[in-house]
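Here is the structure we will look at.
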Amino acid sequence: MTTWVLLRGLGRESRHWGGFPALLQRGLPAGDEVIALDLPGNGSRWRECSPATVGVMAQAARTELQRCGARAPVMLVALSLGGMVAVEWATRHPAEVRGCVLVNSSLRGLAPPWDRLRPRALAELLLLVLQADVHARERRILRLTSNVPASEALVHAWAEHARNAPVSRAGMLRQLLAAARFRAPRTAPAVPLLLLASAQDRLVSVRC
């Protein structure tokens, strides 16, 4: 039996996985389970202060997983900032991690800043932090992060998530700071790694 742990990225929460957890569950062997965790400051943990370091985020995720009663080692499936959390987790506690799937993530020390976050995307993110209208903000986020046109139903659903579990502006900036200064370890974590990246990602260069 293996527990698959899903970790989202900057300012996002477990509900933003949509139908993926159920889809993944159907493809796994009997007895495996899927758990989508929220990092502090996001989703079910929106009232908590977002850590300003990836190390503290990783520890918070480990603690939350233990609270869920899941047994190590686990498989980490992580997107963007979540990928940095997964790398930190696997580096510090390799016995707890069976492997990592890192999606569209980036690490300081392996790529220059303009590849880790494209300049136009940085400007867009800063505007999003200031955007007051929830529907407009979520529509812009979907345009920035997806190459598939978003339906109004999805925009509405994401706007509802933002209303009932709002990520504070300070929290967003702290998460950006944590991502910006997280540095790749000197050696890769001692667990199997699968890297997935989109050539058309508008946030992060595929070279990362």
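In table form, for the structure just shown:
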{"read-out": "Solvent-accessible area, 1.4 Å probe, carbon plus sulfur percent, for the range 148-208", "value": "62"}
{"read-out": "Total formal charge among the other residues, if their Cβ is under 11 angstrom from that of D201, Lys/Arg +1 and Asp/Glu -1", "value": "+2"}
{"read-out": "Cut-off 18 Å, label 7 Å out along Cα→Cβ of R108, residues of the range 1-21 by amide N", "value": "10-11"}
{"read-out": "Heavy-atom accessible surface of the range 40-102: percent carbon and sulfur, 1.4 Å", "value": "52"}
{"read-out": "Charge sum, other residues only, whose C-beta stays under 12 Å from R174's C-beta, Lys/Arg counted +1 and Asp/Glu -1", "value": "+1"}
{"read-out": "Long-range HN-HN contacts of T3 with modeled amide H, under 5 Å", "value": "E33, M75"}
{"read-out": "Among L125, L24, L76: highest mean-square fluctuation, GNM of the chain, C-alpha pairs under 10 Å", "value": "L24"}
{"read-out": "Within the chain, longest stretch free of exposed trypsin sites (Lys or Arg not before Pro) [DSSP loop, at most 15 other beta carbons within 10 Å]", "value": "72-185"}
{"read-out": "For the chain, calculated [θ]222 nm from helices alone, where every DSSP H run of n ≥ 4 adds -39500 (n - 2.57)", "value": "-13000 deg cm²/dmol"}
{"read-out": "Estimated FRET transfer efficiency (E48, E124; beta-carbon r; R0 25 Å; 0.05)", "value": "0.45"}
{"read-out": "Residues of the range 81-123: accessible area per residue with a 1.4 Å probe, Å²", "value": "46"}
{"read-out": "Average accessible surface area per residue within the range 128-208, 1.4 Å rolling probe, Å²", "value": "62"}
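The values are calculated or read from the model by the stated rules, or taken from the named source; none is laboratory data. For clarity, every value in this text was computed on a predicted model and none was experimentally measured. Note: ideal-geometry Cβ built from the backbone for every residue, glycine included; neighbour counts use all protein chains shown. Accessible surface is based on the protein model in full, side chains and every heavy atom, while ligands, DNA and RNA are left aside. Shrake-Rupley method; radii C 1.70, N 1.55, O 1.52, S 1.80 Å.
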